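What follows is a set of notes on a single structure, which appears directly below.
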Amino acid sequence: MARKMLIDGEVAAVADGGHYDYDLFVIGAGSGGVRGSRTAASFGAKVAICELPFHPISSEWLGGHGGTCVIRGCVPKKILVYGASFRGEFEDSKNFGWEINGDINFNWKTLLENKTKEIVRLNGVYQRILTSAGVTMIEGAGSLVDAHTVEVSQPDGSKQRYTAKHILIATGSRAQRVNIPGKDLAITSDEALSLEELPKRAVILGGGYIAVEFASIWRGMGAEVDLFYRRDLPLRFVINFRESLLLLIL
């Protein structure tokens, strides 16, 4: 698409004789949106990208550069996974000659603060990548007006429209609550990554990899965890692995 933009001309003409504001306008600065905008800009296209203000928990008005994986998915979750793994390492170390004298204390708030620092850093990295590529960054919620117009809205109600020859929608998705009675009392993986206090007991609904990872995180940190799932075993998408896991547990 970027090559085609250059063939058609750096600035595409509008039917009424005017010009588009951009060759490419991208809605969403997650992995796909950032990659698409950088690639187009590298071929000389005039590119803009809009993204919501940064926050660890997403909402209609909150998001951040880097998207789900960087801000409220893979990266922060793996930080918590690593943090939880040390408990078992401390126990196993005794069998390998390590003598740990005194209490070993865990501070959930310290881990959470360092997790947040890392995703704030990565959010800034993605912004610098876009700036270096020559991509114009616009903060706000983007929506389509027509095939060549995007309207960017702000929480205060103000709006600004931009035109582009091509529009790339890369908004991704947000965690959803299952439509069951009491769903408003539950949290999603977004909130689970930013809990102010480590839960003493947790009930997790689901048997996919995200559910199992959160179960291992909280259990590794000392919480009592119950995992509810519909099938005979969790992790139904990796049959051989889950059967081997069951043998280890039993």
| Looking at the P(r) of the chain, how many percent of alpha-carbon pairs lie beyond 30 Å? | 44 percent
| said: Quick check: from the Cα gyration tensor, does region 72-165 come out rounded (a/c under 1.5), prolate or oblate? | reply: prolate
| field | Hits among lysines - C-alpha to C-alpha of LYS200 under 16 Å, sequence gap 8 or more where chains match | value | LYS109
| said: Can you tell me the orientation of helix 74-93 relative to the chain, as the angle in degrees between its alpha-carbon axis and the longest Cα principal axis, to the nearest 10? | reply: 20 degrees
| Straight-line reach from LYS165: which lysines have Cα under 30 Å away, leaving out those fewer than 8 places along the same chain? | LYS4, LYS46
| request: Quote the relative contact order of the chain in percent (integer), defining contacts as alpha-carbon pairs under 8 Å separated by 6+ residues. | output: 22 percent
| note | Looking only at aspartates and glutamates whose Cα falls under 13 Å of LYS159's and that sit 8 or more positions away or on another chain, we get GLU139, GLU151
| To the nearest 10 degrees, how steeply does helix 31-42 sit against the main Cα axis of the chain, on a 0 to 90 scale? | 40 degrees
| field | With Cα atoms, 0 to 90° folded angle of helix 209-220 axis to the chain main axis | value | 40 degrees
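Every read-out reported here was derived from the displayed coordinates using simple, explicitly stated rules and does not represent laboratory data. What you see is a predicted model; the values in this text were computed from it and never measured.
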